[in-house]
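Take a look at the structure below.
Nothing in this text is a laboratory measurement; each read-out follows from the coordinates by a stated rule. Treat the numbers as computed from the prediction; the structure is a model and nothing was measured. With ideal geometry, Cβ positions are generated from the backbone for all residues, glycine too; neighbour counts draw on all protein chains shown.
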Amino acid sequence: MQSVPESNVLSVSGLNRLAKSLLEGHFPAVRVEGEISNLSRPSSGHWYFTLKDQSAQLRCAMFAGNNRRVRFKADSGLQVTVRGRLSIYEGRGDYQLIVDSMEEAGAGALQRAFELLKAKLDEEGLFRADIKRPLRDDYHHIGLITSATGAAVQDLISVFGRRSPTTRLTLFPIAVQGAQAPQEIVRAIANANRLAKKLGLQALIVGRGGGSIEDLQAFNEESVARAIASSELPVCSAVGHETDFTIADFVADLRAPTPSAAAELLSQNQEDLLQSLNAARARLLALIQARLQASRKNLAWLVRSLKRPDRLLAEQSQHLDRLELQLARAWRMRTQRSHSRVALLDQRLQAQSPNQRLTRVEQQLNDRKHRLMRAIKTLIATKSANLGQLTRSLDTVSPLATLARGYSISYDANGALLRSADQAQTGAKLSTKVADGLIISTIDTIEKESR
């Protein structure tokens, strides 16, 4: 055994670091599909799990910044496709995949795309019931958009042939699965609408037989959904089995669980038509018999009611005489009522005559004049008595009356009323008012009375 020089000996961490560099340099971006197992979500927010298939497994780590972008619930047992880079966890020397993104694989991815598209179209209003057109069962010409070799077209032809053989069917053959299927479906719907007037098409059936979600994927494409929604012809979707639902079912005007069910919904059973025709024939015969019987009875009554012409003339003459008498009585009564009404109106007119109204108004004015004169005289007498009383009261308190009884009033030189001896001064001028004049004097002496 050849010995290794001591200068080439690596430490464990050095070897792990070298291996990590080699892996990350040669596998910077890989896509791997497998089943999730042993998924753990510690408080750090990172995901740690194992990706496995039937014969191998791979440790994986997906950090919090990346796993927040995952739009579905990741769990153990789920088949996924991940994208990331190979690396080595140096602390333990574990070979692992650092995951950057994760998608559902296979049917899971298709189901997620289905739900996303369904929510989008629903939000746009393409599923609203009020915009869907009703489909009938009495169409004369229907377009079939399906595979020319599949079981669905045979079922459609068979059911229409059995129930309504007079209904005309025009096939617009398409591929119902595969990459080209959505384009062919869209093109077939456009062609059917373009040729509708020329061919006399009245409705479309778009569908295929059952299959997996991958087989039905063409009818879950957005382009197909919008083509159905914009179709001028009403569309019945008949895709898969009763448990299968596609985007086309939600957009179409009518959803049938199977192609055979679509043919039954859009056709009228000829046996039902025959029964309806027989019932209508029986009702018509009964109506004819009833009308003939009634006519015979009416004819017999007319024969019995027929009289001789001279008797009819005599009866009509008597009838005319009776009418003449009734007319004369009615005229007299009408004339009498008219005369009575004229007399009544004349009385009312006389009662409303202007002369009589003037006489009444004049009488009312005279009465009011007399009442007014009496009221004025009474008021004058009352006021005169009040005035005399006020005069007497005024004389009682009048200063002139006091002066007439021998009293006088004195004023100083400034005209101020002397109320006290203290206001007077010796030698000052003094004006004294008596009842019949004014006395001007000079004060010689002032004598005060003791109190």
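A few remarks follow.
- For segment 191-297, the residue among ALA238, GLN202, GLN275 whose Cα projects farthest onto the positive side of the dipole built from Cβ charges is GLN275.
- Cα centroid separation, segment 245-319 to segment 62-83: 70 Å.
- Only DSSP H runs of four or more residues enter the estimate; each adds -39500 (n - 2.57), and after division by the residues of the chain the mean residue ellipticity at 222 nm equals -16000 deg cm²/dmol.
- Potential extension, SER230-GLN423 segment - 0.36 nm per residue separation minus Cα distance: 57.0 nm
- Here r is the Cβ-Cβ distance between ASN191 and ARG162 and R0 is 22 Å; the resulting FRET efficiency, rounded to 0.05, is 0.20.
- Relative to the longest principal axis of the Cα atoms of the chain, the long axis of helix 270-305 makes an angle of roughly 50 degrees.
- Reach of LYS118 by Cα under 29 Å, taken over lysines that are not fewer than 8 positions away in the same chain: LYS73, LYS132
- Prolate/oblate/rounded label for segment 403-442 (Cα gyration tensor, a/c 1.5): prolate
- Percent antiparallel among DSSP beta bridges (both partners in the chain, rounded to 5): 65 percent
- Charge tally around SER13: other residues with Cβ under 12 Å, Lys/Arg +1 each, Asp/Glu -1 each, net +2.
- Sequence-distant aspartates and glutamates (8 or more away, or on other chains) whose Cα lies within less than 12 Å of LYS197: GLU232
- Straight-line cross-link reach from LYS433 at under 29 Å between alpha-carbon atoms covers these lysines, not counting any fewer than eight positions away in the same chain: LYS448.
- Stretch gain in nm, segment ASP272-HIS241, where the contour uses 0.36 nm per residue and the Cα spacing is subtracted: 8.5 nm
- Pair ALA279, ARG17: separation of 7 Å Cα→Cβ label points (nm): 9.3 nm
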